[in-house]
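Working notes for the structure below.
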Amino acid sequence: MRSARYPGPTLINGESAARETGVVPATVRKWVQLGHLAAAGRSGRASLYRLEDVFAAERVARGRKAPTRRA
């Protein structure tokens with residue numbers, strides 16, 4: 001159940017995912033094909049992805065590690 005306090009994950013479509021990561025939509029589709037990214041839902045025919053999953057897929061595809069927290 002979602003509430004104002006815990007709204008749940010931000011879901012975006014493939015085009016928005018591409019825009020957020022600075023790639024073309026075909027690259028997002030390739031990440032899905034390679035298993036780096038999985039759809040979290042659908043809106044009509046469009047797949048929806050969690051924003052945090054999109055950034056994680058970008059890190060994997062570009063060979064980056066997750067950001068570390070500093071104390």
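Worth a mention:
- Annotation: amide H-H contacts under 5 Å for Leu48 (H modelled 1.01 Å from N, sequence separation of 5 or more, or interchain): Ala40, Gly41, Arg42, Ser43.
- Normalised contact order of segment 11-62, rounded percent, pairs of Cα under 8 Å and 6 or more residues apart: 40 percent
We did not get these values from a lab; they are worked out from the coordinates using the rules stated. Just so you know, these numbers come straight off a predicted model, no measurement behind them.
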